[in-house]
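Each reported figure results from applying straightforward, stated rules to the coordinates on display, with no laboratory input. Please read all numbers here as calculations on a predicted model, not as lab measurements. When we count neighbours, we look across all protein chains shown, and the Cβ atoms used for this are built from the backbone with ideal geometry, even at glycine.
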């Protein structure tokens with residue numbers, strides 16, 4: 001008969017259960033920070049590759065063979081950037097998962113459940129569609145649209161998934177959209193926008209979330 | 001004066017039944033296994049409480065299949081929704097009464 005004696009406790013349990021069962025709450029701030037650092041490192045490597053490429057191509061720009069190298073080189077560069085992108089995604093996802101897993105062990109909330117599935121599905125659908133679009137964009141050689149498309153579809157994915165996780169994810173999504181839209185009219189700065197969105201914003205988000213939720217979190221184990 | 005406790009539903013005294021209702025009020029439909037994981041209870045224990053909630057008409061059971069495996073899901077009924085919200089209101093009223 002605990003609910004007659006302790007209505008406060010009963011209400012607290014109801015609230016907790018409603019929150020826990022409808023939202024994926026284990027997402028750690030450290031996940032954001034780690035993903036952001038991965039993105040910044042990747043952007044730096046990509047920047048090196050691009051400057052190296054422009055340097056090499058300006059030297060033999062004038063001879064005929066240079067024109068061919070230019071074409072092959074461009075394809076090679078695009079492929080290298082694609083590989084960097086895929087590797088970044090895998091590494092960032094791995095670290096993001098790792099820190100969230102650590103946190104869920106600490107709080108005792110199982111990481112893989114019904115809410116995690118909802119978050120994954122709601123992120124995966126816009127991301128997959130975005131990936132297909134980016135694939136077509138690169139096929140058509142409009143490389144300047146790659147960074148804005150990444151930011152826009154990632155932003156939409158976050159907003160879509162925010163219903164099932166911490167609501168602050170929504171604001172991160174809006175900021176990604178904002179960067180993506182501005183980038184549409186500043187296409188030659190794609191890499192900087194990409195680094196700002198996937199690097200800086202993730203790190204800032206991670207710090208804010210850690211400060212808000214995890215700083216004073218007690219371990220239950 | 002009306003006793004505030006009289007508004008409390010006896011069914012919701014049990015914390016597992018209270019937990020089931022809390023989960024179902026925010027989730028349209030949920031499977032037995034997900035419910036079990038969320039409430040951290042054993043099969044038998046959960047099943048008993050689910051039966052009593054069903055008998056009171058607070059929840060609906062849907063039996064389905066995923067391939068050959070049975071997949072039982074639960075959802076809240078209109079009556080369950082009303083009774084649970086009323087229960088929460090009474091609890092809130094009691095707290096205000098104490099303060």
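Miscellaneous remarks
- In terms of its Cα atoms, segment A:153-199 spans 35, 17, 12 Å along the principal axes, sorted from long to short.
- Approximating the spin labels as points 7 Å out from Cα along Cα→Cβ, the residue A:90-to-residue B:47 distance works out to 4.4 nm.
- Pairs of Cα atoms farther than 17 Å apart, segment A:10-56, %: 61
- Pairwise FRET efficiency - residue A:121 versus residue A:187, Cβ, R0 = 35 Å, nearest 0.05: 0.65
- Ranked packing of A:107-120, A:26-39, most packed first, by mean Cβ within 10 Å: A:26-39, A:107-120
- As a length-normalised measure over Cα pairs under 8 Å and 6 or more apart, the relative contact order of chain A settles at 33 percent.
- Dividing the summed -39500 (n - 2.57) terms of all DSSP H runs of n ≥ 4 by the residue count of chain A sets its mean residue ellipticity at 222 nm at -25500 deg cm²/dmol.
- Mean partner shielding of peptide B:85-95, defined as the number of other chain Cβ atoms within 10 Å of each residue Cβ, is 3.
- Rounded to the nearest 10 degrees, the inclination of helix A:7-22 to the longest alpha-carbon principal axis of chain A is 30 degrees.
- Residue B:96/residue B:26 FRET efficiency (R0 35 Å; Cβ-Cβ; nearest 0.05): 0.90
- Projected onto their three principal axes, the Cα atoms of chain B cover extents of 57, 25, 21 Å, largest first.
- Taking label positions 7 Å along the Cα-Cβ direction at both residue A:208 and residue A:97, the computed distance is 2.7 nm, reported to one decimal.
- Over all distinct Cα-Cα pairs of chain A, the Kirkwood formula returns a hydrodynamic radius of 19.4 Å.
- Per residue of B:14-22, other chain Cβ atoms within 10 Å of the residue Cβ number 4 on average.
- Here segment B:51-70 and segment A:10-60 have alpha carbon centers that stand 40 Å from each other.
- Rounded to 10°, Cα long-axis angle of helix B:15-26 versus longest principal axis of chain B: 80
- The fewest-to-most ranking of B:10, A:218, A:6 by surrounding Cβ atoms within 10 Å reads A:218, B:10, A:6.
- Relative intensity, log₁₀ I(q)/I(0), of segment B:52-99 from a Debye sum that treats every alpha carbon as a point, q = 0.13, 0.28 Å⁻¹: -0.47, -0.93
- Legend: calculated FRET efficiency, residue A:218 to residue A:75, from the Cβ-Cβ distance at R0 = 56 Å, rounded to 0.05, equals 0.55.
- Seen against the Cα atoms of chain A and their longest principal axis, helix A:64-107 is set at about 10 degrees.
- The per residue volume of the convex hull around the alpha-carbon atoms of segment A:78-176 is 92 Å³.
- Mean residue ellipticity (222 nm) of chain B, computed from DSSP H runs ≥ 4 via -39,500 (n - 2.57), nearest 500: -17500 deg cm²/dmol
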